[in-house]
Amino acid sequence: MTTPRRTEHLVLPGVLTAEEAAATVRGILAVQRPDGAIPWFRGHHLDPWDHTEAAMALDAAGEHEAAERAYEWLARHQNEDGSWYAAYADGDFEDVTDRGRETNFCAYIAVGVWHHYLATGDDVFLDRMWPAVFAAVEFVLRLQQPGGQIGWKREDDGRAVEDALLTGSSSVHHALRCALAIAEQREEPQPDWELAVGALRHAIRLHPERFLDKDHYSMDWYYPVLGGALTGAEAKSRIEEGWDRFVVPGLGVRCVVPNPWVTGGESAELALALWAVGESDRALEILQSIQHLRDPKSGLYWTGYVFEDRAVWPEELTTWTAGSLLLAVAALGGDEATCAVFGGERLPAGLDPDCCAPTR
């Protein structure tokens, strides 16, 4: 295995040394299949969202060719309606294990493609991926509800699941803004998308009743911030409201309250959200707190830890956990593409609807 190309900005005190960062990148590369697919780990499934997150981490480390192969895998295996299935066994596109088509999974290609473009400046790549991004966004917006929220998924039989998840819709909000950035770069305005992202942000900010009640999941706490729907004082207020419920000092972030289980992916994503609202010191503390999940042999990270039992669970080293950590470190380290994508200030905002004065 060759040495990863760019890891100097992935060095962070108490989190990663240069050697550890390189080992983590090599760990993801070792899981990637020759056709570009990045499953959770070899023998487990691939889902399009986590596949994209791992590809973004490779771009943050300068592994642009490997990341491009990951996006080309998506473009080759996109369904006719613009979607992807929720799970492919070991990344084998012919072995679908979950034929649901989840909206946030499908939208996330826009985040990855925009991140890759910012990292490489490759206009040819952007042109080549535009049809896949466009089709994916159109698939997702066909499930947008009158209140702005995004229906969760479409079943294999074609039935639309209209119930909306706050985490998923917040991720879609981020993806739509990246899709608009791609459209602007290509000088192909998408006014319907601008209206859609504004309506979605309005729902996330002001209408919690339009989403399924999952507030015992930490992702529902921080994702409106990470996805850019809440900013400034609103974002900081939300972080403070949930801090004591979800953060376990010295161990990381609970996945679900009240379970005594911290998870690496949620912890790293919270660190990204903290960085985005200017809380870099707390972001660093969170990343430092989950180094007990690192496997020194592979450079990857265990999914989670049951602290009452002092046990790693489940016993799996996932590419997306490592990917989320690398992206958080890259943001704290000032990686330009990662900062632009997750900072949000340079992403198009869309058009807010003229209704419902803010009440927070």
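Nothing in this text is a laboratory measurement; each read-out follows from the coordinates by a stated rule. Note that the structure is a prediction, hence the values are computed from the model and not measured. Neighbour counts run over all protein chains shown; Cβ positions are idealised from the backbone, glycine included.
Would you compute, from DSSP H runs of 4+ residues alone, the mean residue ellipticity of the chain at 222 nm, taking -39500 (n - 2.57) per run and dividing by the full residue count, rounded to the nearest 500?
-16000 deg cm²/dmol
Calculate one ³J(HN,Hα) per residue across segment 178-191 by plugging θ = phi - 60° into the Karplus curve 6.51 cos²θ - 1.76 cosθ + 1.60, and present them in order as whole Hz with x for glycine and proline.
5, 5, 5, 5, 5, 4, 5, 4, 8, 6, 10, x, 10, x
How much length would be gained if the chain were fully extended between residue 94 and residue 243, taking 0.36 nm per residue of separation minus their Cα-Cα distance, in nm to one decimal?
Gain in length upon complete extension: 49.4 nm.
Which of the three applies to segment 76-195, rounded, prolate or oblate, going by the alpha-carbon gyration tensor with a ≥ b ≥ c and a/c under 1.5 meaning rounded? Let's see the in-between values first.
On the way: a/c = 2.02, a/b = 1.22, b/c = 1.66.
Oblate, because a/c is 1.5 or more while a/b does not exceed b/c.
May I ask you to derive the FRET efficiency for residue 215 and residue 124 from their Cβ-Cβ distance with R0 = 51 Å, giving the value to the nearest 0.05? Don't skip to the end; give the middle numbers.
Working: r = 44 Å, r/R0 = 0.87.
Computed FRET efficiency for residue 215 and residue 124: 0.70.
What shape does segment 8-343 take by its C-alpha gyration tensor, where a ≥ b ≥ c are the square roots of the eigenvalues and a/c under 1.5 counts as rounded, a/b above b/c as prolate, and the rest as oblate? List each step's numbers first, then the result.
Numbers: a/c = 1.37, a/b = 1.15, b/c = 1.19.
Cα axes put segment 8-343 in the rounded bin.
About the Cα centre of the chain, how large is the charge dipole given +1 on each Lys and Arg Cβ and -1 on each Asp and Glu Cβ? Please answer in debye to the nearest 20. List each step's numbers first, then the result.
Numbers: 30 positive and 57 negative charges, 96 e Å.
Computed charge dipole of the chain: roughly 460 debye.
Hey, what do the phi angles of segment 257-264 turn into as Karplus ³J(HN,Hα) couplings, whole Hz, using 6.51/-1.76/1.60 and θ = phi - 60°, x for Gly and Pro?
8, x, 4, x, 9, 9, 10, x
Within segment 88-120, list the residues whose amide N lies under 14 Å from a label point set 7 Å along Cα→Cβ of residue 80.
Those under the cut-off are none; the list is empty.
Once you have the Kirkwood Rh of segment 187-305 from its Cα pairs, apply Stokes-Einstein at 25 °C and 0.890 mPa s and quote D in µm²/s. List each step's numbers first, then the result.
On the way: Rh = 15.5 Å.
Answer from the Stokes-Einstein relation: 159 µm²/s.
Can you give me the distance in nm between label points at residue 206 and residue 192, each placed 7 Å from the Cα along the Cα-to-Cβ direction?
Using points 7 Å along Cα→Cβ, the separation is 2.5 nm.
At R0 = 45 Å, how high is the FRET efficiency between residue 8 and residue 162 if r is their beta carbon distance? Nearest 0.05 is fine.
Numbers: r = 47 Å, r/R0 = 1.05.
Efficiency computed from Cβ-Cβ geometry: 0.45.
Pop a pseudo-label 7 angstrom from the Cα along the beta-carbon direction at both residue 288 and residue 310 and give the gap in nm to one decimal.
Rounded to a tenth, the inter-label distance reads 2.4 nm.
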